[in-house]
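One structure is given here, and the rest of the page talks about it.
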Amino acid sequence: MKHLNISLLFFFISIVPYALFSQVVPYDLKLEYRENPEGVDVKKPRFFWKLQSEEAGQYQKSYQLIVSTSKENIEKNIGDVYNSKKVRSAETTQIVYEGKPLESTTQYYWKVRVWDKNNISSWSKTSTFSTGIFSIDDWKGAQWIAWRNQEEWEAEWWRKKKVESGATEFQLPSYFGAHLNMFERYHFFDDKKHDPAPLLRKSFNVQKRIKRAKAYISGIGYYELYINGKKIGNSVLDPGWTDYRKTILYATHDITNEVKNGTNAAGVMLGRGFYGMMAYDHWGFYKKNGWIGQPKLICRIKVEYEDGTTKEIVSDLSWKVTGGPVVYDGPHMGEIYDATKEIEGWSDAALDDATWDNVKPAPHPGGELVSQMCEPIRVTKTFHPVATKNSSRGQWFDVGTNMSGWVRLRIKNATKGQRVIIYFGESKDPITVSQPGGLQQMAYVCKGDGVEYAESRFSYKGFRYIKIKSFRKLKFSLDDVEVKYVHSDVPRVGHFESSDETVNAVHDICRKSLIFNLHSIPTDCPHREKNGWLGDAVTGMEFGMANYDLAALMTKFTRDIFDTQDKLGGIPAIAPANKYGSGKSTLWSSAGVHIPWYMYQYYGDIRLFENYWKNMMLWVKRSWEYNNIAEKDGMFKERFNDWVTPYDATYKGGGKPGGNEVIASMNFYLALKRLSHIAKKLGKNKDEKRLNVQVERMYKGIQKYAFDDKKLEYVGLKPFNEFLPVVNILALNYGIVPDKYRAQLEKKVVDNIVKDKNYHLWGGVFTVHSAYEYLPKNGYADLMHKVVINEEWPSFGWMIKNGATTLPEGYKFTASNIHHFMGAVDNFFYRHLVGINVDESKPGYQNIVLKPNFIKTMNFAKASYNSIHGEIKAAWKKLDKNTYEYSGFIPVNCSATVVLPHKNVTLPSGKFNFKVKI
């Protein structure tokens, strides 16, 4: 199974130049990981660019970066706010702005000139960014506004919650209304229904020639902005979810083309979102110590005139409000759109709003208003279902895959007031209360006007199947149903393909499970919980970064994590959170270290460690004080474990095999090692020394209490009569095993997989995360390929054989079937089949390690990763029984070490090709 006996008989490399002296051209300019971003509120933002050239071995010797306040200046190469001059450096990423202080709500232009190895220079095309709001004063008096008097709203809200508390049942996601359809939920409080989603509007006049107009807006939980009847932007479910007591996101929209001379109108529709959720939920968001509130708005519209003057329109008590056609909405409880309550032209300038209510002042939610710098949630794909049939309980549709999103239903020739309910689910019968997410629904009341469309606005679903029930039955064709993927619109950067269709299918379900769980946070599942479980992020976000550009989203989510931190340093198991299990799990809360570490490895980003270093050190301190077991120093008590192991189906003891402590202790050891590495890089010498002492303390505790020197293996604190894969695989991967025992323990792990478990990996998410890293990296790639494709339970091959279109929560289909956290197997495909690896000593993929494994039973494998420096390509194929070709492309300004059996070669940028006879 190892490649130690392979000899390299033939070696060939070609670096193919297209033009002998082709210069380097910068492209794909970004600022804070985004292309031409709006509303940047980072006062010292970072610049990024990539390089292209037709000449092999090209690189950047120097650069000059300029930032201007006008098109005229940038076209003349005048950087009136920043001119770096010529900087001798090969860096093209994480370049910090060092110019004059940026001004808020201002448009900027920038470009970069680079000098290549031949000292030939070339300018990039111009890119832009606008700044957001830097201080409270920059909101120009805008205030939070809402529909109802706050005291009256609160009294009625808590009256309803008290009634619900007497009618609860244990059925996630909500303890109330689990068995009710949408109209039953809506009419439960028929004496005084919940308010519909409010419509707010404001008219304003523009009397001069407009240069630019922008809107800075936050409506929580969700908002849709309209100018003169037109919806602005293509984002949905905006803004992203946060702990509104700590952070509130606002967005910046360019509305220059929508504002006209004369009378204009701004309209905003508000949804509840996660601010004042309707659900009586398990995680405590509904509680009075949370962030409950009625939908509210803050908005500033800045109109700049050609003559240099400005006009400000802000949210204040002059705005008008009324109820809209969304009469009921909530992320878990679904929504009802009553088309008979539509107000035609509600956001048009011509509407007479004299009968509308005046808005009321709303209390500040408490959090800091910050710009939403990550990619918004959007509809990313639209298609039709693959099958339909009639049933006794409604018309059934199969969309072909598990997914997150919703549908748009075309309704023809309905009568006014006719009701339609759409049920969504993973179960073939979506009207199944016990399935994940329970009764996920969207309801529609028809206006009876020829052709009309029903579509969600303020709640997304996780599903594969839908059923449509219409009172006074309507019939629908496949073309009447448009299926829409809905998730954070992060760019795809990774692609993988091989000759093994099972491997391809496993890669596909990993990638899809990840993207369908990105909704401004990485969720565990898009139906039942929709929560940002941190353990899932520890094992999921690393492989996620190989497939999607997660830099901006993880920057946002890292703030979410530390927003949950309590004063003592404890971090809950989910983010956002309302103190859910704060400090009880270092295994889950270690995401606060591991995610910034992934950002450092993939993007060379050190700023998250700089920004949250005190928080991380406080977390370390709290973890020692609360989780360390005094009588077994270096062993940590822990709430969670190696989630969803096959032992869940076979183990008859209480809790988990071996207990939770050793896994948590080993993970904390890894977190401390990573923090120590960063402390050295940041020049935090005292912290580095303290952390190194703690690393040694953890190491001694693990060896003393978790290593059985008679069996020569690691064990849990709880007696267990079998070899425990997880603690031994983690010990190997985390560098915990003493050198004298490594070979023996490695053999035990392999024997457990091959002999004891018949080519099965008997572990959960942390086992998968480490096993598919350590074992293929140490000569067992063929073995791990065999484990992946094994069609007998428990395995990924078994999932594919049994029709999985996304990853289930463990090796079963009895819980959620859209969970990403076992997707770390995907690292195996990119890193150890095709061989694309980061150089951990020089993060960011400017230095690449290419180390393929030629799998005997496969004919080819290929992958690409569009790194922050450019697209890396690598592929191998079998030419005959003993000969392989390994080829690919190294981006400009990068180098790679190619690691082949008994041969390492360092290459500059360009194409490469090796032939290897084994």
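The values are calculated or read from the model by the stated rules, or taken from the named source; none is laboratory data. Just so we're clear, the structure is a prediction, and the values are computed from it rather than from any experiment. Backbone-built Cβ (ideal geometry, glycine too); neighbour counts: all protein chains shown. Protein only, heavy atoms only, side chains kept; ligands, DNA and RNA dropped before computing areas. Shrake-Rupley method; radii C 1.70, N 1.55, O 1.52, S 1.80 Å.
Leaving ligands, DNA and RNA out of it, rank 51, 879 by accessible area with a 1.4 Å probe, largest first.
Values: 51 10, 879 80 Å².
Sorted by accessible area, descending: 879, 51.
The Kirkwood radius of region 414-472, taken over pairs of alpha-carbon atoms, gives through the Stokes-Einstein law at 25 °C and 0.890 mPa s a diffusion coefficient of 202 µm² s⁻¹. When you count the other C-beta atoms within 10 angstrom of each residue and take the mean per peptide, 538-548, 635-645, 39-49, 92-102 line up highest first as 538-548, 635-645, 39-49, 92-102.
Starting from the Cα of residue 871, move 7 Å in the Cα-to-Cβ direction to define the label point; list residues of region 824-844 whose amide nitrogen is under 17 Å from there. Hits in region 824-844 for residue 871 at 17 Å: 836.
Against the criterion of solvent-accessible heavy-atom surface with a 1.4 angstrom probe, 556, 208 sort, most first, into 208, 556.
What FRET efficiency comes out for residue 350 versus residue 680 if R0 is 60 angstrom and r is the Cβ-Cβ distance? Round to the nearest 0.05. So, using R0 = 60 Å, E works out to roughly 0.40.
Contact order normalised by length for the chain, with contacts defined as Cα pairs under 8 Å and 6 or more residues apart; what percent is it? Don't jump to the answer; show the numbers that get you there.
Values: 2228 pairs, mean separation 111.7, N = 918.
Computed value for the chain: 12 percent relative contact order.
Per-residue SASA remark: residue 459, around 0 Å² accessible (1.4 Å probe; ligands, DNA and RNA not included). Note on region 90-212: with charges restricted to the Cβ of Lys and Arg (+1) and Asp and Glu (-1), its dipole about the Cα centre is near 920 debye.
The spacing between region 559-630 and region 870-918, judged by their C-alpha centroids, is 39 Å.
The residues of the chain expose on average 37 square angstrom of accessible surface per residue, using a 1.4 Å probe on protein heavy atoms.
Taking the Cα centre of the chain as origin and charging only Cβ (+1 Lys, Arg; -1 Asp, Glu), how large is the dipole, in debye to the nearest 20?
Roughly 1220 debye, rounded to the nearest 20.
Equivalent ellipsoid of region 739-778: semi-axes from √(5λ) of the C-alpha gyration tensor, largest first, are 16, 14, 8 Å.
Assuming R0 = 22 Å, what is the FRET efficiency of residue 204 and residue 364, from their Cβ-Cβ distance, to the nearest 0.05?
After rounding to 0.05, the efficiency reads 0.35.
Ignoring any ligand, DNA or RNA, what whole percent of the accessible area of region 144-374 comes from carbon and sulfur when the probe is 1.4 angstrom? Intermediate values should be presented prior to the final figure.
On the way: 3830 of 8430 Å².
Ligands and nucleic acids excluded, carbon and sulfur reach 45 percent.
Could you work out [θ]222 nm for the chain from helices alone, using -39500 (n - 2.57) per DSSP H run of at least four and dividing by all its residues? Round to the nearest 500 deg cm²/dmol.
One gets -7000 deg cm²/dmol as the mean residue ellipticity at 222 nm.
Model label sites at residue 35 and residue 451, defined 7 Å from Cα along the beta-carbon direction, differ in position by 3.3 nm. Segment residue 136..residue 187, full-extension length gain: 14.2 nm, with 0.36 nm per residue of separation and the alpha-carbon distance subtracted. If every alpha-carbon in region 25-131 counts as one equal scatterer, what log10 I(q)/I(0) does Debye give at q = 0.09, 0.17, 0.20 1/Å? The Cα Debye sum returns log10 ratios of -0.21, -0.73, -0.99.
If you take every DSSP beta bridge whose two residues both sit in the chain, what share of them, in percent to the nearest 5, is antiparallel?
On the way: 164 of 177 bridges.
If I count the DSSP bridges inside the chain, around 95 percent turn out antiparallel.
A straight line joining the Cα centroids of region 833-867 and region 143-188 runs 52 Å.
Modelled spin-label separation between residue 167 and residue 859, with each label point placed 7 Å from Cα along the Cα-to-Cβ direction: 6.2 nm.
In this structure, residue 410 and residue 492 have a Cβ-Cβ separation that, at R0 = 30 Å, corresponds to a calculated FRET efficiency of about 0.50. If you model region 494-833 as an ellipsoid using its alpha carbon gyration tensor, with each semi-axis the square root of five times an eigenvalue, the axes come out at 28, 25, 19 Å, biggest first.
Length, then width, then depth: along the principal axes, the Cα atoms of region 144-374 run 63, 37, 31 Å.
Seen from all directions on average, region 848-917 presents a Cα convex hull projection of 4.3 nm². For region 848-917, relative contact order (Cα pairs under 8 Å, six or more residues apart, normalised by length) works out to 30 percent.
With all protein chains present, how much of the accessible area of region 620-686 (probe radius 1.4 Å) comes from carbon and sulfur, to the nearest whole percent? Show your work: numbers first, answer last.
Working: 1360 of 2810 Å².
Within region 620-686, the accessible surface is 48 percent carbon and sulfur.
When you restrict to C-alpha pairs under 8 Å that are six or more residues apart and normalise by the size of region 144-374, the relative contact order lands at 32 percent. Put simply, when 315-322, 731-738 are sorted by average Cβ atoms within 10 angstrom per residue, most first, you get 731-738, 315-322. Ignoring ligands, DNA and RNA, please state the percent of accessible area on region 81-123 from carbon and sulfur, probe 1.4 Å. The computed percentage sits at 45. Modelled spin-label separation between residue 689 and residue 711, with each label point placed 7 Å from Cα along the Cα-to-Cβ direction: 4.0 nm. With a threshold of 26 Å on the Cα-Cα distance, the over-threshold entries among 202/287; 231/320; 461/812; 484/512 are 202/287. Projected onto their three principal axes, the Cα atoms of the chain cover extents of 85, 72, 57 Å, largest first.
The slack between residue 86 and residue 630, meaning 0.36 nm per residue of separation minus the straight C-alpha distance, is 190.1 nm.
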